[in-house]
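Notes for the one structure printed next.
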Amino acid sequence: MSSIIEKYLTEYDVSEADKSLYVSNLDKNVDEEILWELFTQAGFVKKIKMPRDIRTNLHYGYAFIEFFKEQDAIYAIKLFFSLKLYNKTISVNRLRTDDKSSISNANIFIGNLSSDTSAKVVSNKKQIYDTFSAFGVITNAPKIYKSYTKKGIKFYCMLSYESFEASDSAIYAMNGQFFCGNIIVVTYSFKTNKIRFGTITERMLSENRKIFYNK
């Protein structure tokens, strides 16, 4: 995904990238007209780019959608989270430049999710998004992972916030709460074996970058 985004980011300036989305896992039957009709429900769409194979004219399963307003792009992520098109759940994420996307490292870990079937946990992704987006802007769709332990399969989730204020609030409010069938653990995820995100240095850099981009 990162290489695809890096390739097409060369066609966007910073302001355009903030208003744009990367939509993936698209069925072969989805075309620009369907995407236009769908995403205009979130706001005024400026343009849609759907890369296609030159010989077959088939798209590659992803598209780039630019809105006129950044808040409409953010709203579209929430509105179409876990939406199914032709029985495939699409993925909707923000398209951002490397410098801007690293304004914060507010990455959190949500552990001890339901140990039931994978399908049930994945179906809770929308509930996770709806609950945790109440604390601030989520920059990427929550990702569900599983680990194998002696007691069976355990599921956990990783997501990123736009600011440390949002991630701090989520951790404070949700850690130790009953959610998705279990008492969950919510904390900053590890960036190395011993160090978690959310260090004082990262917070200082985050504030400095905000000042720079808001000039």
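Here are the numbers:
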quantity	calculated
Hits in segment 104-129 - residues which are in a loop (DSSP other than H, G, I, E, B), more than 15 Å from the chain's Cα centre (by Cα) and modelled with pLDDT under 60	116, 117
Hey, residue 189 touching a residue at least 60 places away in the same chain (Cβ under 8 Å), surrounded by 13 or more Cβ atoms within 10 Å (Cβ to Cβ) and closer than 20 Å to residue 204 by Cβ or not	yes
Any pair with Cβ under 7 angstrom, 6 or more apart, that starts in segment 165-176 at a residue that is in contact (Cβ under 8 Å) with a residue 60 or more places away in the chain and ends at one that is assigned to a helix (DSSP H, G or I) and surrounded by 15 or more Cβ atoms within 10 Å (Cβ to Cβ)	166/135; 170/132; 170/135
Residue 65 being in the same structural domain as residue 169 (by TED's automatic domain parsing) and either small (Gly, Ala, Ser) or modelled with pLDDT of 90 or more (or both)	no
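The values are calculated or read from the model by the stated rules, or taken from the named source; none is laboratory data. Nothing here was measured: the structure is a model prediction, and the numbers come from that model. In this analysis, Cβ positions are derived from the backbone assuming ideal geometry, glycine residues included, and neighbour counts consider all displayed protein chains.
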